[in-house]
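Undergrad: Below: one structure in structure tokens.
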DNA sequence: CAGTTATTTCAGTCAATACTGAAATAGAAA
DNA sequence: TTTCTATTTCAGTATTGACTGAAATAACTG
């Protein structure tokens, strides 16, 4: 299935960005393809559309599953697995935040806690100890904040985002009271 | 200069995480080293401490400059460049957000705008057009929100984060008024 | 059951990136 | 200017990760 020009551009770009987003090109391309096509596709259709090896598609689909970015859809009268991704950008955003948090944040939080618990911490400079504590505190705060935010309804989250820095008014009024 | 156990663990872990954060191991290790050591270091000290090639350090320092994560510090009576990174985790956080936004978000916003402006967009499914529009809208909203948030004072930002999902009360009260 | 189709695995290859060491450049100091 | 020190550049090498194709496995069909 040959893609239309805009869809092709979208898929190719998403694939390139994938690298900076922490997944490889094929994984990101497949996600983009499922997202833009908006209907379940089987592995062979994906293979043909993207022009990569069938086995590459198989492994990439597994990777997308690990990211909770696709689900397989049974189709009546068709034995082949069909995959789809959400077409709701908010759900997509939430999933990516959740997954990246667990890959990019949580392991470091673990290590920093270990560092502070370890007996060796006392032999470091006071200033270095403080920096590790501050780093941990910031990462923990961001981590639980992200967890809370992605639980909000999309409309609510959009309002929070649209409001932007104006929330500081709320912060100010709270700390005065 | 041999690192103390916790500093070593910190540097090695930061280096490994660097990969998932979009920089290579050496770059992340150098940043971690400068962060934990808390004083300006020259390239040779870094080289010796990390056990990598001098040229690797040189290139990695340049990369850290591109990320605005280090600055060079002139030291009285020493011709060699000395580098330091901020020891303020909030400033670090802000820099990383700014840089990652420009690398991971802005290029895609550009492409999505191009897609929508292009004459070819009309030949796509209505649903696909809508998804591109929604993706762009979300990314633009997040992008300007991030820009606003990183302008806040650390204390204010910390309060906003600590408050977490409670901001929705503010959102609700605003939309009622 | 055998035959057919779908999917996964994995060893090997290829491509991208990281890293090294030597040479070039730049810039003091003598 | 020559010499010495510091830094950068870059061609080559090493390492890592992505991708392929063939073979194995799994799951259905008749």
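Taken together, the values in this text are just the output of simple stated rules run on the coordinates, not laboratory data. Given the structure is predicted, the values throughout are model-derived calculations rather than measurements. Here the Cβ positions follow ideal geometry from the backbone for every residue, glycine too, while neighbour counts run over all protein chains shown.
Undergrad: Take the Cα radius of gyration of the protein assembly as shown and divide it by 2.2 N^0.38 Å, with N its residue count; two decimals is plenty.
TA: Ratio of Cα Rg to 2.2 N^0.38 Å: 1.12.
Undergrad: Further question: If each Cα of region A:89-154 is one equal point scatterer, what is log10 of I(q)/I(0) from the Debye formula at q = 0.25, 0.26, 0.28, 0.29 Å⁻¹?
TA: Cα-only, vacuum Debye calculation for region A:89-154: -1.02, -1.07, -1.16, -1.21.
Undergrad: For each of B:108, B:85, count neighbouring Cβ atoms within 10 Å of the residue's Cβ, then give the residues from fewest to most.
TA: Sorted ascending by nearby Cβ count, the order is B:108, B:85.
Undergrad: Right, here's the next one. Would you mind pulling out the separation of the Cα centroids of region A:1-26 and region B:84-131, in Å?
TA: When both Cα centres are located, 14 Å separates them.
Undergrad: Once all Cα-Cα distances of region A:22-63 are split into 5 Å bins that start at 0, what whole-number percent is in each one?
TA: Once binned at 5 Å, the Cα pair distances of region A:22-63 give 6, 25, 41, 22, 6, 0.
Undergrad: Oh, and also: Using a label position 7 Å from Cα in the Cα→Cβ direction, what is the ascending list of nm distances from residue A:54 to the same site in the other copies?
TA: 5.5
Undergrad: Rank B:163, B:17, B:139 by mean-square fluctuation in a GNM of chain B with C-alpha springs under 10 angstrom and give only the top-ranked residue.
TA: The residue that fluctuates most here is B:163.
Undergrad: In addition: What's the extension gain from residue A:39 to residue A:169 if we count 0.36 nm per residue and subtract their Cα-Cα distance?
TA: Length gained, residue A:39 through residue A:169: 42.4 nm.
Undergrad: Which one, B:51, B:18, B:77, has the greatest fluctuation when you compute a Gaussian network model over chain B with C-alpha springs under 10 angstrom?
TA: Its mean-square fluctuation being the largest, the pick is B:77.
Undergrad: With label points built 7 Å along Cα→Cβ from the Cα atoms of residue B:141 and residue A:91, find their separation and express it in nm.
TA: Reported label-point gap for residue B:141 and residue A:91 is 1.7 nm.
Undergrad: Now for a different question. Using the 7 Å Cα-to-Cβ label point, sort the distances from residue A:122 to its equivalents in the other copies shortest first and give them in nm to one decimal.
TA: 7.7
Undergrad: A follow-up question, please. Tell me the relative contact order for region A:5-84 as a rounded percent, counting alpha carbon contacts under 8 Å between residues six or more apart.
TA: Computed value for region A:5-84: 26 percent relative contact order.
Undergrad: If you don't mind, there's one more thing I want to ask. Tell me the mean residue ellipticity at 222 nm calculated for chain A from its helices only (DSSP H runs of n ≥ 4, each -39500 (n - 2.57), averaged over every residue, nearest 500).
TA: So the helix-based figure for chain A works out to -21500 deg cm²/dmol.
Undergrad: Can you give the angle from 0 to 90° between the axis of helix B:54-66 and the longest principal axis of chain B, with both taken from C-alpha atoms, to the nearest 10?
TA: The angle comes out at about 40 degrees.
Undergrad: Another question about this same structure. Fewest first, what order do B:39, B:31 take by the number of other Cβ atoms within 10 Å?
TA: In order of increasing Cβ crowding within 10 Å: B:39, B:31.
Undergrad: Compute a Gaussian network model of chain A, connecting alpha carbons closer than 10 Å, and tell me which residue from A:81, A:106, A:120 fluctuates the most.
TA: Of the options given, A:120 has the highest mean-square fluctuation.
Undergrad: Determine one quarter of the surface area of the Cα convex hull of region B:20-148, which equals its mean projected area, and express it in nm² to one decimal.
TA: About 10.6 nm², averaged over all directions.
Undergrad: Run the numbers on region A:89-154 and let me know its relative contact order in percent, using alpha-carbon pairs under 8 Å that are six or more apart.
TA: Answer for region A:89-154 is 50 percent.
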